[in-house]
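Presented below is the structure to which this report refers.
All of the numbers you see were taken from the coordinates with simple rules; none came from a lab. In this text the structure is predicted, and so the values were computed from the model without any measurement. Using ideal geometry, Cβ is built from the backbone for each residue, glycine included, and neighbour counts are taken over all protein chains shown.
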Amino acid sequence: ERFGQALWTPSDVFEVPEKVPTLGEHLDVVKNRRARIALIDDNPGILRMLERLLKDYDLVCATDGEEGLTLIEEHRPDLVISDVMMPKVDGFEMVARMRQRPEFERIPVLMLTARAEGQDRIRGLTGGASDYLVKPFAPAELLARVQNLLRSQHFATYLTRLNEELETKSTSLESRIHGFFVDTVRTLVAAIDAKDYYTGGHSERVSFFSVKIGEKLALPRPALRTVELGALLHDIGKIGIPDKVLNKPGRLSDEEIEIIRKHTVLGGKILEKSPELFELRRFALSHHERWDGRGYPEGLHGSDIPQSVRVVSVADCWDAMVSDRVYRPGMEPQVAASKIGRLGGTQFDPEVVEALMEVWQELELPATLRPLKPLSKPVENRAGPRVSECGEIYHVHDD
């Protein structure tokens, strides 16, 4: 049997309760308030530098771990940035005490240290830290890590609300709530961390675009939420693709092209292992299937591809075209729209393409989802072939 054929049908719908907002609506609320960050370091110079770098956030400061715990209790920050070596209570002990408190258990912590030894890094991460940065660090790297950790926190708060609603929806789901939350957040964070932090955020942007297209198609709200969550996980299989292949700026060999294409099956298998995420695996497995049946990995044709996946496929291609890649700069939106417009009926569902054609000029990303600028401008590499995130093999100068 083909992968998953006996396990799901195009009519399967993973329904999310009606009262829960979409992730996009949640982020719209979040972006209208300044995130609060607790800075904890016994070096006044470091604190002043962090205050300058993070001036766009609401900052509260402490000079040791004991004072930091009091500060966290009083201000309930969205993120904690802490030194490791401090008087009274060091960073390791402070994080350990935080994680013993249920209300602080999910606050992300970025630890800063001048010690680069691997054992310190392992101790920090296993002790409950979310990320680890060695001094001296590039300001751009600190800002990128802060943005990624806050984005993960926004996902966590959304999924917490989703879980609370699921608990009241159906007794049959009650035993799945905790696992759904933990597995989903872990998977999302792993996917973000697997990307280069200057070009990450692709899946979040695809999720945003997918919802906009789905709204144009008048999909019911439960289906929109399915699309939104499925889009977030559509590229999860790329965790298993070597970075030297995924981010290679030059020509790809035939073998490397096949390696990249395996991310669809890898993603399906990753999500298949979690009962809580099982219904969403079709997005990872099938987002490179084509309307004309020439896609992969299964060669599904037309309506055999679930409509929700067809929406994500178009949104995926849109973001790939308009975003910078290591091998070429992003296209102008009108150029991308023209290219995708010609693919209706061959690569993509013509109805979904028509919906994109009607909304592409309105696809302004909220600030929380805009990608960071890379350190160097992408240079168009004409030594193809490449594999685009639209699933096609092509030469850059022919694209």
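Express in nm, to one decimal, how much length is gained between ASP254 and ARG101 on full extension, taking 0.36 nm for each residue of separation and deducting their alpha carbon distance. Please list the in-between numbers first.
On the way: separation 153, 0.36 × 153 = 55.08 nm, distance 5.18 nm.
Contour length minus the Cα-Cα distance gives 49.9 nm.
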Under Karplus coefficients 6.51, -1.76 and 1.60, residue-wise ³J(HN,Hα) of the stretch 137-154 in Hz, glycine/proline x
10, 6, x, 5, 5, 4, 4, 5, 5, 4, 4, 5, 5, 5, 4, 4, 5, 4
Rounded to the nearest 0.05, what FRET efficiency do ARG36 and ASP304 give with R0 = 51 Å and r taken as the Cβ-Cβ distance? Could you check?
0.60
For LEU53, put the label point 7 Å out on the Cα→Cβ axis and report which residues of the stretch 79-94 keep their amide N under 15 Å from it.
80-84
Amide H neighbours of ASP349 under 5 Å, counting only residues 5+ apart in sequence or on other chains, H built in-plane at 1.01 Å?
TRP291
If r is the Cβ-Cβ distance from GLU74 to GLU364 and R0 is 51 Å, what FRET efficiency results, to the nearest 0.05?
0.85
Sorting check: for 205-215, 224-234, which peptide has the highest mean count of neighbouring beta carbons within 10 Å, and how do the rest follow?
224-234, 205-215
For the stretch 256-272, take each phi angle, set θ = phi - 60°, evaluate the Karplus expression 6.51 cos²θ - 1.76 cosθ + 1.60, and give the result in whole Hz per residue in order, putting x for glycine and proline.
5, 4, 5, 4, 4, 5, 6, 5, 5, 5, 4, x, x, 6, 4, 6, 5
Step through the residues of the stretch 311-319 one at a time and calculate ³J(HN,Hα) from phi using the Karplus curve (6.51 cos²θ - 1.76 cosθ + 1.60, θ = phi - 60°), rounding each to whole Hz and writing x for Gly and Pro.
5, 5, 4, 5, 4, 4, 5, 4, 5
